[in-house]
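Report on one structure; see the data block that follows.
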Amino acid sequence: MDTNTQTRQTIVRLLSSMGSAKEIDQYLRRFSQLDAKKFAVVKVGGAVLRDDLDNLVSSLAFLQQVGLTPIVIHGAGPQLDAEMSAAGIIKETADGLRVTSPAALAIVRRVSQTENLKLVEALQKVDARATSITGGVFEAGFLNPNKYGLVGKVDRVNLAAIEASLNAGSIPVIASLGETVAGQILNINADFAANELIKALQPYKIVFLTGTGGLLDDAGNVIDSINLATEYEHLSQQPWINGGMRVKIEQIKDLLDALPLTSSVSITKPAELAKELFTHKGSGTYIRRGEKVLRVDSWNQLDLARMRKLIESSFAPRTLAADYFDKTPLLRAYVSENYRVAVILLQAGSHVYLDKFAVLDEAQGEGLGRAVWQVMREETPTLFWRSRHGNPVNHFYYAESDGCCKLPDFKAFWYGIENFDEIAACVDYCRAKTPTLIDHASIGNKEAA
């Protein structure tokens, strides 16, 4: 066994405390198949460089150890505030941008280079390969010299230095400084620079590392996933979304609209980076452009060949009964527009029964299953279902249900049902229902049978 294989297996075992070895290996294979510059752009805020450097370095070095090379771009906002204050320069902003005088630019340049080298040297101390890139990436023009001073807008992104670093297996660490074609250095907002870099690279993953570890809801808890196609309008209307968070979500939406459907944004803490990248549950806020959800109440409104393929791919090696669509009276179905997730509901007495919750392996960890589930739940105040023992999605079902009853082969779940006799009737229905997926010897499936 070669050293690389041993290292990979060791890392999979270490990560297994975060999630199953299967899902970790699934992500490793997926990421390893990408061109190096298509893997991930990691945006690091200045506060993270100041307050959480050790965890940042550890996480970036870890990615390199598993054969993945992230592209890192950083800011230095708090450090600049401190240095300018020490120099007696009063901070002035316009439209959220730092107005930059020639005296301020000298500090911007020095601090940006210092913070860049601090991260590169910290990576090198733990035997990670890293390259300092403080210029030559962002060709820029003046944004508005009368209003902002020496502040630039990116006109073109030059990838040559980044590609050279990646080809050498070294992590490119990029400062957000721009230059005009005449060689004038310009201050560029790190978020704007990161956005232009991301649009040029079209990466699979975009990661924003922050101290909060994600976007927070009205209770101060991290929002675990956002499917913009189904949730953006609803989120935008929430009174607890403050101005900064609203702007962030709008910027992320604009960014993802310019990227392939497969691209996603994660907002997390440096220490949680591996968990966010390599497990379905993740850690932080996971955001995708997502897919619209089709809601139908008749089988003839769906492409049944694609629906059968989705169900059988989700529950392989079992196969769907040949007469399933003919003999199953549909109440409602919710299907992602690309047939990657489906929720199938049946009427069972006075309540609704969840017959299938199918999620393709490639869609797991994207938050798409949860997004479709939420659309269903908003229209379904009461629901019951069953799931096999050992089903990896049971932890989700426990969180979504009001109660659970253990049966010999299944667990029966429900929510919104309070009458004991009605619950008992639902459990009896679960016990007696004939399975519609063939090959019951298969284990580790994801069916709400």
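Here are the numbers:
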| quantity | calculated |
| --- | --- |
| Matching residues in region 381-411 - criterion: being touching a Gly at 6+ places or on another chain (Cβ under 9 Å), without any contact (Cβ under 8 Å) to a residue 40 or more places away in the chain and not aromatic (Phe, Trp, Tyr) | PRO381, THR382, LEU383, ASP402 |
| Subset of region 365-383 (residues that are open to solvent by 20 Å² or more (accessible area, probe 1.4 Å) and part of a helix (DSSP H, G or I)) | ARG370, GLN374, VAL375, ARG377, GLU378, GLU379 |
| Any hit, region 384-393, residues being open to solvent by 20 Å² or more (accessible area, probe 1.4 Å) and either modelled with pLDDT of 95 or more or of a type in the set (Val, Ile, Thr) (or both) | yes |
| Strands (runs of 3 or more DSSP E) fully within region 148-258 counting 1 or more residues that are at pLDDT below 90 and of a type outside the set (D, E, K, R) | 225-227 |
| Flag for ASP257 being within 25 Å of LYS153 (Cβ to Cβ), open to solvent by 50 Å² or more (accessible area, probe 1.4 Å) and out of contact with any strand residue (DSSP E or B) (no Cβ under 9 Å at 6 or more places or on another chain) | yes |
| Candidate set from region 294-309 (those that are in contact with a strand residue (DSSP E or B) (Cβ under 8 Å, 6 or more places away or on another chain) and among the charged types (D, E, K, R)); member that is farthest from GLN347 (Cα to Cα) | ARG308 |
| Whichever residue in region 220-235 is over 13 Å from ARG289 (Cβ atoms) and open to solvent by less than 40 Å² (accessible area, probe 1.4 Å) and, among such residues, is nearest to the chain's Cα centre (by Cα) | ILE223 |
| Residues within region 398-412 that are among the basic types (Lys, Arg) and within 12 Å of CYS426 (Cβ to Cβ), tallied | 0 |
| Residues within region 293-303 that are open to solvent by less than 60 Å² (accessible area, probe 1.4 Å) and either of a type in the set (Asp, Glu) or touching a helix residue (DSSP H, G or I) at 6+ places or on another chain (Cβ under 8 Å) (or both), tallied | 2 |
| Hits in region 360-378 - residues which are acidic (Asp, Glu), over 21 Å from GLU276 (Cβ atoms) and in contact (Cβ under 8 Å) with a residue 60 or more places away in the chain | none |
| Candidates ALA182, ALA161, ALA175, ALA168, filtered to the one that is under 25 Å from the mean Cα position of the chain (by Cα) and of a type in the set (A, V, I, L, M) | ALA175 |
| Among the candidates VAL157, VAL151, VAL137, VAL111, residue that is over 26 Å from ASP54 (Cβ atoms), in contact with an Asp or Glu (Cβ under 7 Å, 6 or more places away or on another chain), open to solvent by less than 60 Å² (accessible area, probe 1.4 Å) and not small (Gly, Ala, Ser) | VAL157 |
| Residues located in region 189-219, provided they are over 25 Å from LEU60 (Cα atoms) and open to solvent by 50 Å² or more (accessible area, probe 1.4 Å) | ASP218, ALA219 |
| Region 319-345 - residue that is farther than 22 Å from PHE384 by Cα, charged (D, E, K, R) and under 30 Å from the mean Cα position of the chain (by Cα) and, of those, surrounded by the most Cβ atoms within 10 Å (Cβ to Cβ) | ARG340 |
| Filtered residue count, region 337-364, keeping only those that are modelled with pLDDT under 95 and of a type outside the set (A, V, I, L, M, F, W, C) | 8 |
| Region 430-449 residues that are surrounded by 12 or more Cβ atoms within 10 Å (Cβ to Cβ) and of a type in the set (Val, Ile, Thr), paired with ones that are in a loop (DSSP other than H, G, I, E, B) and at pLDDT 75 or above (beta carbon under 6 Å, 6 or more apart) | THR436/ALA321; ILE438/ARG318 |
| Which listed residue, of THR279, THR285, is over 26 Å from ALA200 (Cβ atoms) and open to solvent by less than 10 Å² (accessible area, probe 1.4 Å) | THR279 |
| Qualifying residue in region 348-364 (condition: in contact with a Gly (Cβ under 8 Å, 6 or more places away or on another chain), of a type outside the set (S, T, N, Q) and not in a strand (DSSP E or B)) | yes |
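Conditions (1) more than 22 Å from LYS43 (Cα to Cα); (2) of a type outside the set (S, T, N, Q), marked per residue:
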site: ALA87; (1), (2): yes, yes
site: ALA94; (1), (2): yes, yes
site: ARG98; (1), (2): no, yes
site: ILE107; (1), (2): no, yes
site: GLN113; (1), (2): no, no
site: PHE138; (1), (2): no, yes
site: GLY149; (1), (2): yes, yes
site: ALA168; (1), (2): no, yes
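Let's see how each residue does on (1) on the phi < 0 side of the Ramachandran plot; (2) among the aromatic types (Phe, Trp, Tyr); (3) touching a helix residue (DSSP H, G or I) at 6+ places or on another chain (Cβ under 6 Å):
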site	(1), (2), (3)
LEU331	yes, no, no
TYR334	yes, yes, yes
VAL343	yes, no, yes
LEU354	yes, no, no
ASP361	yes, no, no
LEU368	yes, no, no
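The values are calculated or read from the model by the stated rules, or taken from the named source; none is laboratory data. Predicted model only: the values in this text are computed from it and were never measured. A quick note on method: Cβ atoms are made from the backbone with ideal geometry, for glycine too, and the neighbour counts reach across all protein chains shown. Just so you know, the surface numbers come from the protein's heavy atoms only, side chains and all, with ligands and any DNA or RNA stripped out. Shrake-Rupley method; radii C 1.70, N 1.55, O 1.52, S 1.80 Å.
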